[in-house]
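Single-structure report; data block below.
Read-outs: derived from the displayed coordinates by stated rules, not from any lab. Only a predicted model underlies this, so the values are computations on that prediction, with no experimental measurement involved. All Cβ positions, glycine included, derive from the backbone under ideal geometry; neighbour counts span all protein chains shown.
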Amino acid sequence: MRVSNLLTGICLIALPAPAAAAQSPDPPPRAAALAARVPALLDSAGIPGISIAVLEGGRTVWTGEFGVRNAVNRRPVGPETVFEAASLSKPVFAYGLLRLVDRGGFDLDRPLSEYVEMSQFSDDPRMDAITGRMILTHTSGISGFAEGGRVTMGFDPGTRFRYFGDAWLPLQRAVEAVTGEPVHEFLRREVLEPFAMDHSSFVWNDLDGDYATPHDELGGLMEKRTFAEAHVAATLHTTASDYARFMAAAMKGTGLTPASARAFLTPQVEVAPGVTWGLGVGLQDDARGRAFWQWGHWFGSRAYMIAYPESGDGLVFLANGDEGLAILDAVLGTVLGADQPGAAWQGYEQFDSPSRRVRIELLGIFTTDGVEAGMARMLELEREEAPEAISEAVMNDLGYDLLGDDQFDAAIAVFRRNVERFPESSNAYDSLGEAYLESGQLVAALENYERSVELDPSNGNGRSAIERIRERMAES
């Protein structure tokens, strides 16, 4: 299985040189330093386009747009270009929900089962104990999916933290039940309109075609996703300047009671050293003070926002490429300093890491030249590179990159090589089993999952896969 904390340069598909588009005049020094670095960062990481806003003293002091909306038609990113914000959706929904709480329309500590029928999401009786506060703090226990799209519980509600965006759907349905309207209308009224987010929506609006198209790790164009129905965890489309207006309001607690404004930014659960979670937003404590933050990660789109309420400083950027967060450390370090516990916790591969260079090179070779060429280069790199650049984890991620592109033979070859190199690794066998399962080779999948569980009897994922495979084999 994929074990990196999150889903996860050499750009192998020709992209136009990422040039700056219109920018705010006379940027302050830190913004000017960032503007000077961005074109080279985009080129190194293979990111087609990006839109950025920098805040100081609680207001936007600079915006900049770089590169292209679409690597094929080469239209430049503009000030009103809309990007997929992915999980930057969550803080916006949380803020709107707190406004509803302030009016007495919702109780964060009341079980959601009192608002909505929880059996529509799962048959697990523990679902009935989940509250809105647990959803906002990622302590609900909802941790995955079963077949048919129903959610599964990984632990008892309220007992620990696990980030899982799709756990937010029951809370969305509860809010819709209370308000009697689709959640995108609720959020338009509670957040988007009050904060002048005129180019933002939780359902699709192409805004006369001024939108950024997603791109994969190699810079290839991906299908643009449109959403007829909102999902509060992921479907916000916005601009950097729009989202900066939300951040400025949230730093001041605009539209909330003082109690709710404090609760929004008060740690509810500890996540990692220097990292906690508030009511719908990540928190970090560093040399500059306390900040709230959130990252966005969806296929072909990446985003990040962070704000320090005490100083009013902050930054948001939206990118239309899978490698958008490979420049996170460089961007944050330039504007806000290198001490960033939230970014460190996420562990994204940065653009200048040897492991990323190796993985992207191999991904390109497998994709363009085939399995034989890819494996030949992999064996060369095993001899040439430092062990950490071609580690089990790096090759595991490469295998999943290929599997996600339905390159089954290539993924199986990579995972098989990992098994050869790391024969005592339960996870190596688990990943190979998954690749065989995805390609429909049930006997080989079962064999590798069984070996994985033999090496690690606590591997619940492997045990579940074995059960499913045996059921399928019995039916055939």
_Given Cβ point charges of +1 (Lys, Arg) and -1 (Asp, Glu) and nothing else, what value in debye, to the nearest 20, does the dipole of segment 1-351 about its Cα centre take?_
440 debye
_Charges at C-beta only: +1 for Lys and Arg, -1 for Asp and Glu. How large is the resulting dipole of segment 354-475 about its Cα centre, in Debye rounded to 20?_
60 debye
*Would you mind computing the Rg to Rh ratio of segment 286-377 from its alpha-carbon coordinates, Kirkwood style for Rh?*
1.11
*Can you list the HN-Hα couplings for segment 227-241, worked out from phi with the Karplus curve (6.51, -1.76, 1.60; θ = phi - 60°), rounded to whole Hz and with x for Gly and Pro?*
10, 7, 10, 6, 10, 5, 7, 7, 9, 5, 10, 7, 10, 5, 5
*Ranked highest first by the average count of other Cβ atoms within 10 Å around their residues, in what order do 75-86, 449-460 fall?*
75-86, 449-460
*Peptides ranked, highest mean first, by Cβ atoms within 10 Å: ranges 30-41, 308-319*: 308-319, 30-41
*asked:* Using amide H atoms built in the peptide plane, which far-off residues or other-chain residues are under 5 Å from Val61 H to H?
replied: Val54, Leu55, Glu56
*asked:* Quick one: the Cα spread of segment 383-475 along its three principal axes, in angstroms, biggest first?
replied: 47, 29, 17
*Where nothing but the Cβ of Lys and Arg (+1) and of Asp and Glu (-1) is charged, how large is the charge dipole of segment 167-231 around its Cα centre, in debye to the nearest 20?*
220 debye
*Looking at the P(r) of the chain, how many percent of alpha-carbon pairs lie beyond 30 Å?*
49 percent
_For the chain, calculated [θ]222 nm from helices alone, where every DSSP H run of n ≥ 4 adds -39500 (n - 2.57)_ = -12000 deg cm²/dmol
*May I ask you to evaluate 6.51 cos²θ - 1.76 cosθ + 1.60, the Karplus curve with θ = phi - 60°, for each residue of segment 309-315 and list the ³J(HN,Hα) values in order in whole Hz, giving x for glycine and proline?*
x, 5, 8, x, 8, x, 7
_In Hz, Karplus ³J(HN,Hα) per residue of segment 287-300 (6.51, -1.76, 1.60; θ = phi - 60°; x = Gly, Pro)_ = 4, 8, x, 8, 10, 10, 7, 6, 10, x, 9, 9, 4, x
*Amide H within-cut-off set for Gln294, under 5 Å, with H built and near neighbours excluded*: Met305
_Column: log10 I(q)/I(0), Debye, Cα scatterers of segment 101-226, q = 0.10 Å⁻¹_ = -0.43
_Working only with C-alpha atoms, what are the Rg and Dmax values of segment 28-100, expressed in angstrom?_
15.0, 44
*Put +1 on the Cβ of every Lys and Arg and -1 on every Asp and Glu Cβ in the chain; which of Ala33, Ser425, Phe161 then has its Cα farthest towards the positive end of the dipole?*
Ala33
*Work out the charge dipole of the chain with +1 on the Cβ of Lys and Arg and -1 on the Cβ of Asp and Glu about the Cα centre, then indicate which of Ile469, Leu192, Phe145 is farthest towards its positive end.*
Leu192
